[in-house]
Amino acid sequence: MVLTIEIDQEADGRWIAEVTELAGVMAYGPSAQVAIAKAKALALRVVADRLEHGEAGSELRDISFKAA
C-alpha cells in the first residue's frame, strides 16, 4: 500500500502534513520536513494498531509513502 502525504503551509507559517488514505492522520510542524516526519510516524502507529487488533487487511503488509 502506498500512502500519500499532502503538505500545506498555514497562514501562521506552520506546515501541516496529511496522510490522505488514513482519516484523521495529520500533523503540524515548523517545517515541511518535520510535519512529514510526524505524519509518517502517526500513520505507522495507526497501521500498527490496526494490525494488532486484527483490523488490517493484506494491503497493509507492505507500506510506502509518496508525496502528493
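The values are calculated or read from the model by the stated rules, or taken from the named source; none is laboratory data. In this text, all values refer to a predicted model and were calculated from it rather than measured experimentally. Because the Cβ atoms are built from the backbone with ideal geometry, glycine has one as well, and the counts that use them run over all protein chains shown. Accessible surface is based on the protein model in full, side chains and every heavy atom, while ligands, DNA and RNA are left aside. Shrake-Rupley method; radii C 1.70, N 1.55, O 1.52, S 1.80 Å.
Among residues of the stretch 4-20 that are open to solvent by 80 Å² or more (accessible area, probe 1.4 Å), those with a beta-carbon under 7 Å from a residue that is hydrophobic (A, V, I, L, M, F, W, C) and in a loop (DSSP other than H, G, I, E, B) at least six positions away or on a different chain give the pairs Glu6/Ala68.
Yes/no matrix, rows are residues, columns are (1) hydrophobic (A, V, I, L, M, F, W, C); (2) open to solvent by less than 80 Å² (accessible area, probe 1.4 Å); (3) at pLDDT 95 or above:
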residue	(1), (2), (3)
Met26	yes, no, yes
Ala35	yes, yes, yes
Leu42	yes, yes, yes
Val46	yes, yes, no
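Working only within the stretch 5-36, note down all residues that are out of contact with any strand residue (DSSP E or B) (no Cβ under 6 Å at 6 or more places or on another chain) and under 12 Å from Ala67 (Cα atoms). Of everything in the stretch 5-36, just one residue is out of contact with any strand residue (DSSP E or B) (no Cβ under 6 Å at 6 or more places or on another chain) and under 12 Å from Ala67 (Cα atoms), namely Gln33. Is one or more of the residues making up the stretch 29-45 touching a residue at least 24 places away in the same chain (Cβ under 8 Å) and of a type in the set (D, E, K, R)? Yes.
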